[in-house]
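Peer 1: Can you keep this structure in mind? I'll have questions shortly.
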Amino acid sequence: MSEHPRNGTVADVVDILTIDHRQMEELLGRIQHTPEPDQRRELADTLIAEVMRHAVAEEMHVYPVIEKYVPNGTDDVQHDKQEHDEIVQVMKQLEDADTSDPTFMDHVRKLDGLLRHHASDEEGEQFPKLRSHIPGEQLVDMGRKVETAKQLAPTRPHPSAPHSELFHKTVGPGVGMIDRLRDKLSGRMTG
């Protein structure tokens, strides 16, 4: 994933987020073609976790840059955050639905439409703007930050809290503690 399809350079934030979109679409397709309820639940839980990680990472590390450097970026970001909120509401319904109930697939189809629209907007408009207004090395650095945020982000939808705010409340102050715990679990105590 670090190799970049266009010219062999390191993947930047646009590449990483675009790959996320393809993975989400693939999961949505698998859910819709899986008749087995337990497998549907497992795929839906995986999808929800991936979308949450993606949304949190975007709100933390991509949207502030769009607001700062891209013309009309603030309007774009407000629109995207509203779409994230709508996506989270549908994911919450999906999480609560019985996989063998017909409403489960209704929620999946609604989520599919929302995610495809969101991905199309970003890939067609925002990502080209990012590449034209942000230096390449900054986009690579943003990609690294996005990957880190995705590893630490909450994986369950919480419709009552903005994702980035939720992240800071639940994980932000404890990042050092998480790093120490990981070191301890892997046998590398750092003090």
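No lab work stands behind these numbers, since they all come straight from the coordinates. Here the structure is a predicted model, which is why all the values come from computation and not from measurement. Positions of Cβ are generated from backbone atoms using ideal geometry, with glycine treated the same way; all protein chains shown enter the neighbour counts.
Peer 1: Between their Cα atoms, which of Lys129/Lys150; Lys68/Lys92; Lys81/Lys110; Lys68/Lys129 are more than 21 Å away from each other?
Peer 2: Lys129/Lys150; Lys68/Lys92
Peer 1: Extending each Cα 7 Å along its Cβ direction at Ser100 and Asp121, get the distance between those two points in nm, one decimal.
Peer 2: 3.8 nm
Peer 1: Follow-up. Provide the gained length on full extension for the span Gln138 to Arg109, in nm with one decimal, where the gain is 0.36 nm per separating residue minus the Cα-Cα distance.
Peer 2: Full extension from Gln138 to Arg109 adds 6.8 nm.
Peer 1: With each pseudo-label sitting 7 Å past Cα toward Cβ, what's the Gln32-Asp45 distance in nm, one decimal?
Peer 2: A separation of 2.4 nm, rounded to one decimal place.
Peer 1: To make sure I understand the rule: partners must be aspartates and glutamates, Cα under 12 Å from the Cα of Lys145, and not fewer than 8 residues away in the same chain. Which ones qualify?
Peer 2: Asp12, Glu58, Glu59
Peer 1: Compute the Rg to Rh ratio over segment 13-157 from the alpha carbon atoms, using the Kirkwood formula for Rh, and round to two decimal places.
Peer 2: For segment 13-157, the value is 1.00.
Peer 1: A follow-up question, please. Where does segment 1-94 land on Rg/Rh, using Cα atoms and the Kirkwood Rh?
Peer 2: 1.04
Peer 1: Separate question: Expressed as a rounded percentage, what relative contact order does segment 13-157 have, with Cα pairs under 8 Å and six or more residues apart?
Peer 2: Answer for segment 13-157 is 44 percent.
Peer 1: Also, quick follow-up: Report, in debye and to the nearest 20, how large the dipole of segment 13-157 comes out about its Cα centre when Lys and Arg carry +1 and Asp and Glu carry -1 on their Cβ.
Peer 2: Result for segment 13-157 is approximately 260 debye, rounded to the nearest 20.
Peer 1: Right, another one. Could you sort the peptides 53-60, 115-122, 75-82, 13-20 by per-residue average Cβ neighbour count (10 Å cutoff), highest mean leading?
Peer 2: By packing density, highest mean first, the sequence is 53-60, 13-20, 115-122, 75-82.
Peer 1: State, to one decimal in nm², a quarter of the convex hull surface area for the C-alpha atoms of segment 51-123, i.e. the direction-averaged projected area.
Peer 2: Average of the hull's projected areas for segment 51-123 equals 4.8 nm².
Peer 1: Another one. For segment 13-18, in order, what is each residue's ³J(HN,Hα) by Karplus, 6.51 cos²θ - 1.76 cosθ + 1.60 with θ = phi - 60°, in whole Hz (x at glycine and Pro)?
Peer 2: Per-residue couplings from phi come out as 4, 5, 4, 5, 5, 5 Hz.
Peer 1: Continuing with this model, one more query. How would you order 133-139, 84-90 from highest to lowest mean count of nearby Cβ atoms within 10 Å?
Peer 2: For the peptides 133-139, 84-90, the packing ranking is 84-90, 133-139.
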